[in-house]
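Chemist: Below is one structure. I have some questions about it.
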């Protein structure tokens with residue numbers, strides 16, 4: 001019988017993924033959900049994290065807190081991306097074990113897979129080749145998070161699981177001009193170009209790379225789905241050295257096609273041009289989601305529907321963003 005009053009800690013509860021997980025938990029009836037802002041709890045500080053877990057004693061943990069950003073941010077702040085993410089993962093996972101947390105879900109990233117991994121990328125392609133150089137520090141940290149969960153499972157018998165989402169977007173996204181991912185960056189550029197009556201919008205790269213995108217609301221539902229899988233079903237579909245599960249949309253789209261779709265949704269009437277002097281990143285990143293599909297989960301929100309939701313969210317928060 002499900003205990004809807006069990007204490008659940010969502011690390012990163014104000015972020016795009018964390019806030020979506022909180023909403024999904026409440027929708028299912030969970031009422032004892034806790035979170036802390038960065039000012040209230042610095043997850044890179046081991047002493048603060050240990051004190052928090054000792055005092056609050058959560059029964060489940062969703063580890064959605066992370067330092068994230070696009071190509072520019074990863075290239076500019078590589079030390080911060082690897083240090084901050086390693087510290088958050090190590091502190092939270094270890095403190096969870098010390099304080100008796102048996103169930104934890106770690107959220108990784110599709111960038112963990114090798115640059116030349118065959119498409120769509122399967123779970124067993126992890127650590128089979130070199131990573132994309134533009135976000136290698138972030139990827140290394142996320143791989144370490146997966147291996148932390150695997151190692152604590154093997155040594156201590158806990159049930160710490162990992163999900164690897166494809167590129168996420170949606171309500172609560174980061175629309176910063178320099179540090180955002182591709183969809184929020186495109187939404188903001190096209191919106192501001194529309195407002196200023198600009199004749200064109202310049203997109204980084206050639207527009208040819210292909211990416212898969214999943215609405216964050218679907219990702220939240222998938223996270224709860226994986227967390228709630230019974231132990232026998234979960235363990236029969238993974239191994240001790242390959243404990244993560246991909247979560248994708250099921251198809252990809254070129255950056256050029258994506259830009260045209262965002263342009264249409266925003267209502268920008270100018271032209272699109274591509275700055276080929278800027279990096280493209282990996283040519284294709286498409287997740288093989290066969291495992292989670294076979295287990296019974298599939299996404300519900302198509303790309304255009306999701307982009308409309310994302311643009312509505314952007315417009316609702318735009319005045320704050322401009323300050």
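Chemist: What is the extension gain from residue 230 to residue 198, computed as 0.36 nm multiplied by their sequence separation minus the C-alpha to C-alpha distance, in nm to one decimal?
Modeler: Contour length minus Cα-Cα distance gives 6.1 nm.
Chemist: Set the Förster distance to 22 Å, then compute FRET efficiency between residue 251 and residue 174 from the Cβ-Cβ distance, nearest 0.05.
Modeler: The calculated FRET efficiency here is 0.35.
Chemist: In degrees, nearest 10, range 0 to 90: what is the angle between the Cα axis of helix 46-56 and the longest Cα principal axis of the chain?
Modeler: 60
Chemist: Based on the Cβ-Cβ distance of residue 154 and residue 294, what FRET efficiency does E = 1/(1 + (r/R0)^6) give at R0 = 35 Å, to the nearest 0.05?
Modeler: Working from the Cβ atoms, E equals 0.90.
Chemist: Another question, if that's okay. Determine, for each peptide in 224-232, 108-116, the mean count of other beta carbons within 10 angstrom over its residues, then list the peptides with the highest first.
Modeler: In descending order of packing, they fall as 108-116, 224-232.
Chemist: Hey, another quick one. Can you tell me the orientation of helix 303-321 relative to the chain, as the angle in degrees between its alpha-carbon axis and the longest Cα principal axis, to the nearest 10?
Modeler: Around 90 degrees separate the two axes.
Chemist: Another question, then. At 0.36 nm per residue, and after removing the present C-alpha to C-alpha distance, how many nm does the segment from residue 55 to residue 127 gain when stretched out fully?
Modeler: The span from residue 55 to residue 127 would gain 22.2 nm if fully extended.
Chemist: Please find the FRET efficiency linking residue 48 to residue 283, where r is the Cβ-Cβ separation and R0 is fixed at 45 Å, and quote it to the nearest 0.05.
Modeler: Calculated transfer efficiency: 0.65.
Chemist: Would you calculate, for the chain, the mean residue ellipticity at 222 nm contributed by helices, counting each DSSP H stretch of 4 or more residues as -39,500 (n - 2.57) and dividing by all residues, to the nearest 500?
Modeler: Calculated mean residue ellipticity at 222 nm is -14000 deg cm²/dmol.
Chemist: Still on this model: Could you tell me what % of all Cα pairs in the chain have separations over 23 Å?
Modeler: Summing the P(r) tail past 23 Å for the chain gives 57 percent.
Chemist: If I fit a long axis through the Cα atoms of helix 216-228 and take the longest principal axis of the Cα atoms of the chain, what angle between them do I get, 0 to 90°, rounded to 10?
Modeler: Approximately 20 degrees, to the nearest 10.
Chemist: Another one. What percent does the relative contact order of the chain come to when contacts are Cα pairs within less than 8 Å and at least six residues apart?
Modeler: Reported relative contact order: 20 percent.
Chemist: Which residues in segment 155-179 place their backbone N less than 15 Å from a point set 7 Å from the Cα of residue 317 along the Cα-to-Cβ direction?
Modeler: 168-179
Chemist: For segment 147-270, what are Rg and Dmax over the alpha carbons, in angstrom?
Modeler: 19.2, 60
Chemist: For the peptides 195-203, 67-75, what is the packing order when you average, over each peptide's residues, the other Cβ atoms within 10 Å and list the highest mean first?
Modeler: So the order, starting with the most tightly packed, is 67-75, 195-203.
Chemist: Springs between alpha-carbon pairs under 10 angstrom, Gaussian network model over the chain: which of 23, 177, 126 fluctuates most?
Modeler: 177
The numbers here are math on the coordinates, done by the rules we state, and not lab data. These numbers were taken from a predicted model, which means no experiment stands behind them. Note that we place each Cβ from the backbone using ideal geometry, even for glycine, and neighbour counts take in every protein chain shown.
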